[in-house]
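The values are calculated or read from the model by the stated rules, or taken from the named source; none is laboratory data. Quick caveat: nothing in here was measured; it's all calculated off a predicted structure. Ideal geometry is used to build each Cβ from the backbone, glycine not excepted, and the neighbour counts take in all protein chains shown.
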Amino acid sequence: MQAIAGTQIKRQSSEKFSRASCVRWNIKPLHSHIQTLARELKVAPIVAQVLINRGITDARCGCSFLQPKLNELIAPELMPGSCDAAARIAKAIAARQKITVYGDYDADGITGVSIIWHLIKILGGDVDFYIPHRIDEGYGLNDQAVKSIAKAGTNLLITVDCGITAVDSVALAKSLGMDVIITDHHCPAEQLPKDCIIVHPVINPAYPNQDSSGSMVAFKLAWALANKFSGGQRLNSELRKFMLDATSLAAVGTIADIMDLRGENRILTSFGLTGLAESKLCGIMALIESAGLSGKGLDSFDIGFRLAPVLNAAGRMGHARLAVELLTSQSASHCTRIAEYLKQQNELRRRHERKIFKHACEMIHQKGLHHPDNKTIVLSCSEWHIGVIGIVASRIVDKFARPTIVINNSEVLAQGSGRSVEGFCLLDAIKSCSNHLHHFGGHAMAAGITIKTENIEAFAKDFESYTRENLKDHHFSSAIEIEAETNLEQFNHDSVKQLQMLGPFGQGNPRPIFATKGLRLISPPRRVGAKNDHLQIAVTDNTASLRCIGFGMGKYEKKLLECDCFSLAYEPDINHFNGNSSVQLVLNDIQFE
């Protein structure tokens, strides 16, 4: 087990590294000008291949990608609505008007609320925050909350990561004497909320980063507000320090919300991840400590699978207000207590998730929804925890490769969460069936619905029909996108370290996976790990020999011994052990010849 310690071992929890050998390999062709780009950038050819696969074909863009600069972020004043919103917030601060920041209950909303709350507090404003309860109130603005906030004396209501479709609730807020600023990134409906300021990237189609997260939008508004208070001068040390902390909060939200990690999002997350480990915010330090990540460099995996789930657990299993308290409190001891509690809540969430996923898979097979003729999966059960159904939907998509909606139908008005497959807009599909729905919202890859229980069957039927007509050329099996087929001699310390410079990895910029065919064992395979379920092998293709680790692949031990040659899909990585480091391949799949 010690021999596979290091950065690789943590990845097994993502459940993306124990694929079946029937998975399709989509291998990208080698590009003709790899050598030219590699020479201009002074990088290994395999790095140039990956850059070209990302649409980066010239040295200038390549340098920008490999060495992102904070001053390349889009000016905050270019974010549609940000200047008007900053002016209204400044007026509220000057007049000592009460401000309430209202955010979504996921990590994107939680971090976005924290950014705006912190800055208004630094600027001397009277500010509070409100997070709706996932189960009792549901997503977005709701009338009861608006009435409660107005009754508490709020003059200015600012939404984060929600509100763009809340036409009636915004009108109610206005009638109760509150001004409203909407900051959101979800798809707008045909009718926008009236008599309010809207800060949203798609309001102006020319805005360069249409893929901004809710926390990125909040970050841009906070930055515009800081600039306004600085009168066009350089930010003072307190504001400058906080805005650097804010990049870390926005990076967490951006990665957690699975935004495209190219362009501006890449710049933000690159700097945010660097600053995260050095942040002096009590809540961030407590969160990192509770995850056992103190003193370590953090990457997108740590955010997506270690930190964000703990923040999300607050809203999934209880109330997300606690997560905002964690990120806004000045008390180290209070933050430590919250972080430990949220860690426990996340463990509870994981137990619920495993139980529901197992039950859902049984239902899929019982109903025959895994049959190739079925293009979608819609499941409902009264016993499934509402806070976990979105995660279960994601796991079902990973396993069955179909647009999926998972519903809790314990009430007359059921709540559902959906996830999609790459290239299919889930929100458009749901809109086509909206006559069956009470409410819906989301974006291309993820959405939420509320529906009367009696309408679920009819909705599922229409959802299937729409998908049959619009999901073209989709293979209902898992696939691995492979950067190139290459030989093992391409991978040495320098080239693998250069590949790591392509991070942060995530949506739009996945970890590079390569393939090599015609491999042979140079020593017997070993089963390793606490449960003996991982596979350790050493292979050669006559150009080089490398060690490999396959998480969850112990079952292939005997088959490897029985065959002469095989092919591997893998991620090259650096393994650190006993003060030494060596190149190691982390396996994604094995194909036998």
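Just one of the listed residues (Val324, Val310) is in contact (Cβ under 8 Å) with a residue 60 or more places away in the chain and either among the polar types (S, T, N, Q) or buried (at least 17 other Cβ atoms within 10 Å of the Cβ) (or both), namely Val324. Residues of the stretch 400-429 that are out of contact with any helix residue (DSSP H, G or I) (no Cβ under 6 Å at 6 or more places or on another chain), without any contact (Cβ under 8 Å) to a residue 60 or more places away in the chain and assigned to a helix (DSSP H, G or I): Leu426, Asp428. Can you spot a residue in the stretch 133-156 that is without any contact (Cβ under 8 Å) to a residue 12 or more places away in the chain and either surrounded by 24 or more Cβ atoms within 10 Å (Cβ to Cβ) or closer than 22 Å to Ala256 by Cβ (or both)? Scanning the stretch 133-156, I find at least one residue that is without any contact (Cβ under 8 Å) to a residue 12 or more places away in the chain and either surrounded by 24 or more Cβ atoms within 10 Å (Cβ to Cβ) or closer than 22 Å to Ala256 by Cβ (or both), so the answer is yes.
From the residues in the stretch 271-286 that are outside any helix (DSSP H, G or I) and not hydrophobic (A, V, I, L, M, F, W, C), which one is surrounded by the fewest Cβ atoms within 10 Å (Cβ to Cβ)? By that ranking, first place goes to Lys280. Pull out all pairs, ordered by first then second residue, where Cβ-Cβ is under 9 Å, the residues are six or more apart or on different chains, the first lies in the stretch 286-307 and is free of Cβ contacts under 8 Å to residues at least 60 places away in the same chain and among the hydroxyl-bearing types (Ser, Thr, Tyr), and the second is surrounded by fewer than 20 Cβ atoms within 10 Å (Cβ to Cβ) and not in a loop (DSSP other than H, G, I, E, B). Final answer for the pair search is Ser290/Thr336; Ser290/Glu340; Ser290/Lys343; Ser294/Met285.
Going through the stretch 290-308 one residue at a time, which ones are touching a helix residue (DSSP H, G or I) at 6+ places or on another chain (Cβ under 7 Å) and part of a helix (DSSP H, G or I)? Passing the criteria: Ser290, Ser300, Phe301, Ile303, Gly304, Phe305, Leu307, Ala308.
Quick grid of which residues meet (1) of a type in the set (Lys, Arg); (2) at pLDDT below 95:
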residue	(1), (2)
Gly416	no, no
Cys433	no, no
His438	no, yes
Gly441	no, yes
Gly448	no, yes
Lys461	yes, no
Thr467	no, no
Gly506	no, yes
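Residues in the stretch 166-198 that are polar (S, T, N, Q) and either surrounded by fewer than 24 Cβ atoms within 10 Å (Cβ to Cβ) or free of Cβ contacts under 8 Å to residues at least 40 places away in the same chain (or both): Ser169, Ser175, Gln191. With respect to (1) more than 14 Å from the chain's Cα centre (by Cα); (2) closer than 28 Å to Gly55 by Cα, the lone exception for Ile258 is condition (1). Show the residue pairs that are 6+ apart or on different chains and have beta-carbon atoms under 6 Å apart, the first residue being within the stretch 362-382 and part of a helix (DSSP H, G or I), the second being modelled with pLDDT of 95 or more. Cβ pairs passing all conditions: Met363/Leu379. Determine if the stretch 513-524 includes at least one residue that is assigned to a strand (DSSP E or B) and among the aromatic types (Phe, Trp, Tyr). Checked the stretch 513-524: at least one residue is assigned to a strand (DSSP E or B) and among the aromatic types (Phe, Trp, Tyr). With Ala332, Ala339, Ala320 as the choices, which residue is within 29 Å of Asp398 (Cβ to Cβ), at pLDDT 95 or above and either out of contact with any Phe, Trp or Tyr (no Cβ under 8 Å at 6 or more places or on another chain) or assigned by TED's automatic domain parsing to the domain that holds Ile131 (or both)? Sole residue among the options that is within 29 Å of Asp398 (Cβ to Cβ), at pLDDT 95 or above and either out of contact with any Phe, Trp or Tyr (no Cβ under 8 Å at 6 or more places or on another chain) or assigned by TED's automatic domain parsing to the domain that holds Ile131 (or both): Ala339.
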